[in-house]
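Q: One structure coming up, written as structure tokens, with questions to follow.
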Amino acid sequence: MLICNAHHQKSSNNEYQRKSFSGQNEVPLCKPFTICTTDGYVVDMLGPYLANQNDAEILRSMRDEPNGLCTLLKEGDTFILDRGFCDMKSHLESKDFRVLMTALKERCSQLSVKKSNESCFVTKFWPVESVHGIIKQKYQLLDKKLDNKMLPKVGSYFRIASFLHNKFGKHLTSDAECADEVLERMKIQNSVENTLAIEVEEKDFFVRK
């Protein structure tokens, strides 16, 4: 089971800034791409990529690389992805991979109760942000604005930090002592109606000032 996500890192290289300006974050960024397992073990940290390369585009190029990620995968393996990979979902499923992804709002202003609950089952297995936080906390060089001279080496720095994290860091676990109870409660709550949301909708509380 693999979790994929990209993480932005600031740069002070002027030419690189122009090429890597992120409209979403409104600053120039480089983007390491992390592949990890559900316990936080980093399978690989690739890149850095330009900030304007979206996650789906990066994963597609990795998936089609003959000596890359595909050598580790087999039919039936699971990808846990966020909404940024929505363009890749059908592609991965066509290759007989299972894809778990947080729900899309589509044209709605917010997720339905059912979709919100389904998304919780996905984010329960989502340690990648914790991995990024641990690496940035332990190796503060990677949590700061990068000098120009560091840009050619930043990919190696992140891979070294990932290796040290795998070798000496603790595996991430959640509710290990009561995992069965938590899972059973999540299953029960998944079918419970949100009575507050129903009342708010029926009485139009959300349009009142």
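Nothing in this text is a laboratory measurement; each read-out follows from the coordinates by a stated rule. These figures come from a predicted structure and were not determined experimentally. With ideal geometry, Cβ positions are generated from the backbone for all residues, glycine too; neighbour counts draw on all protein chains shown.
Q: In terms of modelled amide H atoms, which long-range or inter-chain residues lie less than 5 Å from the amide H of residue 99?
A: When sequence neighbours closer than 5 places are left aside, the close amide H contacts are 79.
Q: Now, a different point. In vacuum, with every alpha carbon of the stretch 2-207 counted as one equal point scatterer, what does the Debye formula give for log10 I(q)/I(0) at q = 0.09, 0.13 Å⁻¹? Two decimals, please.
A: Here log10 of I(q) over I(0) equals -0.44, -0.86.
Q: Could you state the angle between the C-alpha long axis of helix 179-190 and the longest principal axis of the C-alpha atoms of the chain, as a value from 0 to 90 degrees rounded to the nearest 10?
A: Roughly 60 degrees, rounded to the nearest 10.
Q: If the elastic network links every pair of Cα atoms under 10 Å, which of 159, 83, 185 fluctuates the most in the Gaussian network model of the chain?
A: For the chain, modelled as a Gaussian network with Cα springs under 10 Å, the answer is 185.
Q: Send over the semi-axes of the stretch 148-200's equivalent ellipsoid, whole angstrom and largest first, taken as the square roots of 5 times the C-alpha gyration tensor eigenvalues.
A: Working through the eigenvalues yields semi-axes of 43, 20, 6 Å.
Q: Can you run phi through the Karplus equation (6.51, -1.76, 1.60; θ = phi - 60°) for the stretch 89-101 and list ³J(HN,Hα) in whole Hz, with x for Gly and Pro?
A: Per residue, the Karplus-derived 3J(HN,Hα) values read 4, 5, 5, 5, 5, 5, 8, 6, 9, 8, 10, 10, 9 Hz.
Q: Please list, in order along the stretch 138-152, the HN-Hα scalar couplings obtained from phi with the Karplus expression 6.51 cos²θ - 1.76 cosθ + 1.60 (θ = phi - 60°), rounded to whole Hz, x for Gly and Pro.
A: 7, 10, 5, 4, 8, 10, 10, 5, 8, 6, 4, 5, 8, 4, x
Q: Arranged by the count of other C-beta atoms within 10 angstrom, fewest first, what order do 20, 156 take?
A: Final ranking by Cβ density, sparse to dense: 156, 20.
Q: In what order do 74, 187, 115 fall by count of nearby beta-carbon atoms within 10 Å, going from fewest to most? Can you show the working numbers first?
A: Values: 74 8, 187 11, 115 16.
Result, fewest neighbours first: 74, 187, 115.
Q: Right, here's the next one. Hey, rough spin-label estimate for residue 57 and residue 95, points 7 angstrom out along Cα→Cβ, what's it come to in nanometres?
A: Spacing of the two 7 Å Cα→Cβ label points: 1.9 nm.
Q: Given axes a ≥ b ≥ c from the Cα gyration tensor, I'd like to know whether the stretch 46-118 is rounded (a/c under 1.5), prolate (a/b larger than b/c) or oblate.
A: oblate
Q: Angle, helix 154-168 long axis vs. longest principal axis of the chain, Cα atoms, 0 to 90°, nearest 10?
A: Taking the Cα atoms of the chain, the angle to 154-168 is about 60 degrees.
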